[in-house]
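What follows is a set of notes on a single structure, which appears directly below.
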Amino acid sequence: MVDVFIMGKRYTVPETLTILDSMEYAGYQMTRGCGCRAGFCGACATVYRMAGGYELLVGLACQTKVEDGMYLAQIPFFPGRKAQFDLEEIKPSVAHFAQLYPEVYRCLGCSSCNKVCPQDIDVMQYIAYIQRGDFEKAADLSFDCLMCGLCVSRCPANIVHYNAALTARRLYSRYIANPDRFLAERAQAIENGELDAEIDKLVKADKDKLQELYNNREIEK
Amino acid sequence: MVYTPQLTELMKKVEETRSSRVGVDFPRMTQEERRDVLEKFHPDYNLEGFREIKVGVNKGARMPIEMADVFEAYSRIRDLEFDLKADPHYDVDVLVIGGGGAGASAALEAHSTGAVVLVATKLRFGDANTMMAQGGIQAADKPNDTPATHFLDVMGGGRLENVPELARALVMDAPLVIKWLEDMGTMFDKKDDGTMITGHGGGTSRKRMHTARDYTGAEIMRTLRDEVLNKGINVVEFSPAVEIILDEQGRAAGAVLYNLETEQYEIARAKTVIIATGGSGRLHYRGFPTSNHHGATADGLVLGYRAGAKTIYADSIQYHPTGGAYPPQLLGLLVTEKTRGLGATPLNINGEQFVYHLETRDVESSAILRECEERGLGVPLPTGIEAVWLDSPLIEIIHGEGTIERQLPAMLRQFQRFDVDIRKEPMLIFPTLHYQNGGLLIDDDAHSTVENLYAAGEAAGGIHGTNRLMGNSLLDIIVFGRRAGRNAAAKSREIAVPDGLNLEHLDSYHQELDNTGAGDGRISPMVLPHYTHR
Ligand SMILES: Cc1cc2nc3c(=O)[nH]c(=O)nc-3n(C[C@H](O)[C@H](O)[C@H](O)COP(=O)(O)OP(=O)(O)OC[C@H]3O[C@@H](n4cnc5c(N)ncnc54)[C@H](O)[C@@H]3O)c2cc1C
Ligand code: FES
């Protein structure tokens, strides 16, 4: 067992638990601060400090084991701004981006964001790529972002990194990555009803026939 | 290195046999072998875990006990009075209940036709099973593939118990859905010329699994969410629906929402209602761990059922063969099927493969249960449970070093956080409760059996029969989410203002519970799981 201090109150909990489990063990019914429970949704951003230490540490509550002497609190909500846009009206250009997220260009280069990212993303670098209009690199580098908001909580320039990154990825995917040409053809063929006959035959087939077709279907290597 | 000395010793057997396993395919099971292992080991076939429910439109239907418990229960608002004639807190054309992938798709589609939409969701918008899907999304959009080929896989995988019209809608809309997502700026894995990179999944006959690294669901969810917010659609978070409201003709006309923070109830009036509340893994059927998010508590099924909506295949649950088993912090966590898709194979305590690594999930899970329960060849863990190995380092041998980092970054990171390097060390896995195959019965318009009530996503049933293939759920939530949104919006235009709002269906449901004694003082929907002092 270890002692943890949840919002200053001491609780004794088994040491195999994650921070999230430990809060439940202590009696909390989780609403905010808990989503996927598996490191995908970013709901559980947590700030903590070890007894005797001065440094503020951060982590995802569902992905961090408890340690003896943790003082912890969760960030229930972060009022980060999201720019509203019509993807069809904007282009992957610095000019357009600057209208949506002008604060991105005020990055001080302090790297506070990098220090807190629980996904170990080089946040400052993707912000630099955005500044330069290199949306492809920004998209690639920011891809694993869970939008937990910890970067925003530390940024002296008030950048909302995760929203800027998402916009960069959508711009890249919409305008820079090539569209899949065959996909467009296939979609068109379906809309024209060209593939109806083949499938309707199967929809009407009886179970024995389907089972036989299924058992003998060819499997791509 | 978090494996104990005993486990490290056992791991050597895996290493010893590894080189002899490279490039050797374990034989697939015959149809008879598949049936046999399912009947003997799949939890769906073990009648002890089920009971027939005594109330409602599917009276007599078989359900897992934990699900029957929330169906045979009284409403949370039984003793409360609501003035349903007063001005409601929300008054909209279409009410979408649930902010996952199905709900977001429905909202976008309904909004695009001019309907006024409200999304009410239990946790944050996007805190949902959709966010967690890693493996991919299927669609027949390659020259060697057609929707008909996809259809056959869906039906065969579903043991031919699917509603054929629903499976048809699923596969025919699939390329349209991928195109819709591509146009919305979803970052799929592509070649330079734009061609989608696709692979196999359990039960696929063509390589039609589209991915966004191993954050496929997250990428889809955050894109949809961003678009919903771009459109200015009203989303209220931490406001689960706890009952459906009907109009004087017994048609759906809104819902009672519960603000988790102020603990107040609010009335949402709507011309049409869409249930998109997802799955039920947090009911922990048969005590299994689950891969599902915190809010997967079957709420939508319960409130839909009370309002008179029929269910289908409520007794059919998907256990994913590869749930995390060790270290304990990873218990239940999904190890994406892509791990097997890339060539990792399950092995017993002797380092021997005992099942083809890409059987359908039900068969693969049953084979793992057999290996542990019948053959006694599971790996004993310090936590008191058993598991089997999943030989992830094989991936690096087959596809080259760096593959795991490139293709499975989420998996790599999650195990690394708890000191296991899956590039070098095999994983320890055991089946985890993953997916609700059945749900509220819908037709191919996503309409339930109650008028003006639609359902989409994991809350709906019939599409996948009694076994869903990987990559068909992310697909189904968008296919039927969009259909629900479109049709609910169209229907809402036929209705002026819903009249005679009431909750009388609860009275008759309670009466049935009283008469049968089935309720036993229980209250539902569950809304939040209870894990305090487990
Ligand atoms: C770990 C994991 C991996 C998966 N991988 C894949 C994969 O690779 N490919 C694939 O195709 N499928 C996969 N699936 C399945 C698939 O992701 C889900 O079935 C699908 O995303 C469900 O979408 P949904 O919109 O129906 O439900 P969800 O995405 O779960 O959304 C439901 C929403 O409704 C909310 N809600 C619940 N109750 C209420 C209420 N009473 N009132 C209001 N809101 C409520 C929930 O909080 C949630 O936000 C995976 C699932 C999991 C859990
Ligand atoms: S709860 Fe989703 S990341 Fe922790």
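A few comments on the model shown:
- Measuring between alpha carbons in the structure, the pairs from A:137/B:179; A:91/B:338; A:82/B:338 lying more than 25 angstrom apart are A:91/B:338; A:82/B:338.
- Footprinting exposure proxy ranking of B:112, A:112, fewest other C-beta atoms within 10 angstrom first, gives B:112, A:112.
- Charge context of residue B:501, other residues only, Cβ under 13 angstrom, K/R +1, D/E -1: -4
- Residue-count net charge about residue B:347 - beta-carbon cut-off 10 Å; Lys, Arg +1, Asp, Glu -1: 0
- As a proxy for reagent exposure, A:180, B:69 were ordered by neighbouring Cβ count within 10 angstrom, fewest first; the result is B:69, A:180.
- Summary of the geometry: the stretch B:378-435 and the stretch B:289-324, compared by the centres of their Cα atoms, lie 27 Å apart.
- Legend: distances between Cα atoms for B:54/B:310; A:209/B:40; B:12/B:207; B:142/B:190; pairs beyond 22 Å are A:209/B:40; B:12/B:207.
- Aspartates and glutamates with Cα under 20 Å of residue A:9, excluding same-chain neighbours fewer than 8 positions away: A:21, A:24, A:55, A:67, A:68
- Mean projected area (nm²) of the alpha-carbon convex hull when chain A is viewed from all directions: 19.3 nm²
- Hydrodynamic radius by Kirkwood, which averages 1/r over all alpha carbon pairs of the stretch B:335-434, in angstrom: 13.8 Å
- The mean number of partner chain beta-carbon atoms within 10 angstrom of a residue's beta-carbon across peptide A:212-219 is 4.
- Calculated diffusion of the stretch A:2-74, Stokes-Einstein form, Kirkwood radius summed over Cα pairs, 4 °C and 1.567 mPa s, µm²/s: 109 µm²/s
- Entry for the protein assembly as shown at q = 0.05, 0.07 Å⁻¹: log10 I(q)/I(0) = -0.23, -0.47, Debye formula applied to identical alpha-carbon scatterers, no solvent contribution.
- Applying the Kirkwood pairwise sum to the alpha-carbon positions of the stretch A:87-176 produces a hydrodynamic radius of 12.7 angstrom.
- Quarter the surface of the alpha carbon convex hull of the stretch A:140-221 and you get the mean projected area, 10.2 square nanometres.
- The mean count of C-beta atoms from other chains within 10 Å of the C-beta of residues in B:223-232, rounded to a whole number, is 4.
- A Stokes-Einstein calculation at 10 °C with viscosity 1.306 mPa s, built on the Kirkwood radius of the stretch B:1-108 over Cα pairs, returns a diffusion coefficient of 75 µm²/s.
- Only alpha carbons enter this Debye calculation for the stretch A:175-221, each as an equal point scatterer, and the log10 of I(q)/I(0) it gives at q = 0.13, 0.24, 0.31 Å⁻¹ is -0.52, -0.91, -1.01.
- Members of B:59/B:231; B:122/B:491; A:201/B:122 lying beyond 31 Å, as alpha-carbon distances in this model show: B:59/B:231; A:201/B:122
- Environment charge at residue A:68 (Cβ cut-off 10 Å; Lys +1, Arg +1, Asp -1, Glu -1): -3
- Most tightly packed first, judged by the mean number of other beta-carbon atoms within 10 Å of their residues, the peptides B:294-301, B:7-14, B:442-449 read B:294-301, B:442-449, B:7-14.
- Coordinate range along principal axes, alpha carbons of chain B, Å, largest first: 73, 57, 43
- Taken residue by residue and averaged, Cβ atoms of other chains lying within 10 Å of the Cβ of A:115-125 number 1.
Read the figures in this text as sums done on the coordinates, not as results from a lab. Fair warning: this is a prediction, and the values are worked out from it, not measured in the lab. Cβ: placed from backbone, ideal geometry, glycine included. Neighbour counts: every protein chain shown.
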